[in-house]
Amino acid sequence: MLDLTGTSSIVTGGASGLGEATVRQLAARGAHVVVLDLNDDKGRAVAADVGGEYVRADVSDPDQVVEAVQTAEGLGPLRTLVCAAGIGWATRTVGRDGEFSSAHDLAAYTKVVTVNLIGTFNCVRLAATAMGRTQPVDEDGSRGAIVTLASVAAFDGQIGQAAYSSSKGGIVGMTLPVARDLAAIGVRVNCVAPGLIDTPIYGEGPESEAFKDKLKRDVVFPKRLGKSEELASMVVELLVNTYANGETVRIDGAARLQPK
């Protein structure tokens, strides 16, 4: 098992939801966590709560991510990265009026892929570079581990999810080749594909609760949305289990999403 005590970790999108839950579980394991996000207030609050650091950064910006990596290196040897930052966009590929102008906005598609897919790879390549400079921690030559977050939408993309599903499918697709690349420096890479997880993205209030109640129709068991802590638990397991590598794991209560 990879001992996180006294090491540093980076969690992108760590200010809320799935990222925040992961930050807290990593800190509980003894890691010094860098919260990388664009939400200054929440990011600083979470970092302060766990004795970590907050770095404001766009995951697709190389210079800003390097700053976060260097901040982590200042806290201890960088051993773990979790890529939880992401955005969504829902619209159909073509409009109803047959006009070119009503087709899926290309800039929106590009933005989602840039943040979710290119941003994830950007963080992986830069954090892994820093991990490769550390000393191995065991006889296998282990230096660190990375977990990326995809989505069940990578496999069961619904109507209107072309951009989101493309970006998450790309994350799944890079898992094995990147794991093979990083084997040379003793860094493992795994991917988690969450299903319907109850996070702040769904909002609050009666309308939000009604919407979430509708969502769980596709969940087999347990018949509810997942909890951020349940997802974070799997993320941490994949980080510390030194034989887990090159795998994508669905955490979804056996849900298979319907077209809409």
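Listed here are the residues, each with its yes/no results for (1) among the polar types (S, T, N, Q); (2) in contact with a Leu (Cβ under 8 Å, 6 or more places away or on another chain); (3) surrounded by fewer than 23 Cβ atoms within 10 Å (Cβ to Cβ); (4) modelled with pLDDT of 95 or more.
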| position | (1), (2), (3), (4) |
| --- | --- |
| 135 | yes, no, yes, yes |
| 141 | no, no, yes, yes |
| 148 | yes, no, no, yes |
| 167 | yes, yes, no, yes |
| 171 | no, yes, no, yes |
| 182 | no, no, no, yes |
| 186 | no, no, yes, yes |
| 189 | no, yes, no, yes |
| 208 | yes, no, yes, no |
- request: Please give the number of the condition residue 54 fails out of (1) without any contact (Cβ under 8 Å) to a residue 12 or more places away in the chain; (2) in contact with a helix residue (DSSP H, G or I) (Cβ under 8 Å, 6 or more places away or on another chain).
  value: (1)
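For (1) touching a residue at least 40 places away in the same chain (Cβ under 8 Å); (2) hydroxyl-bearing (Ser, Thr, Tyr); (3) in contact with a Ser or Thr (Cβ under 8 Å, 6 or more places away or on another chain); (4) closer than 24 Å to residue 175 by Cβ, each residue gets a yes or a no:
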residue	(1), (2), (3), (4)
5	no, yes, no, no
31	yes, no, yes, yes
34	yes, no, yes, yes
44	no, no, no, no
62	yes, no, no, yes
73	yes, no, yes, no
query: Does region 12-24 hold any residues that are over 10 Å from the mean Cα position of the chain (by Cα), part of a helix (DSSP H, G or I) and either of a type in the set (Lys, Arg) or buried (at least 24 other Cβ atoms within 10 Å of the Cβ) (or both), and which are they?
result: 20, 21, 23, 24
statement: The correct count of residues that are without any contact (Cβ under 8 Å) to a residue 12 or more places away in the chain and of a type in the set (Ser, Thr, Tyr) in region 204-228 is 1
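Quick one: is residue 68 assigned to a helix (DSSP H, G or I), of a type in the set (A, V, I, L, M, F, W, C), modelled with pLDDT of 95 or more and crowded, with 19+ Cβ neighbours inside 10 Å? So that I can check it myself, show each step before the final result.
Details: assigned to a helix (DSSP H, G or I): yes; of a type in the set (A, V, I, L, M, F, W, C): yes; modelled with pLDDT of 95 or more: yes; crowded, with 19+ Cβ neighbours inside 10 Å: yes.
Yes.
State yes or no: is residue 9 part of a strand (DSSP E or B), in contact with a Ser or Thr (Cβ under 6 Å, 6 or more places away or on another chain) and of a type in the set (S, T, N, Q)?
Numbers: part of a strand (DSSP E or B): yes; in contact with a Ser or Thr (Cβ under 6 Å, 6 or more places away or on another chain): yes; of a type in the set (S, T, N, Q): yes.
Answer is yes for this residue.
The values are calculated or read from the model by the stated rules, or taken from the named source; none is laboratory data. Note that the structure is a prediction, hence the values are computed from the model and not measured. FYI the Cβ positions are ideal-geometry reconstructions off the backbone, even for glycines, and counts take in every protein chain you see.
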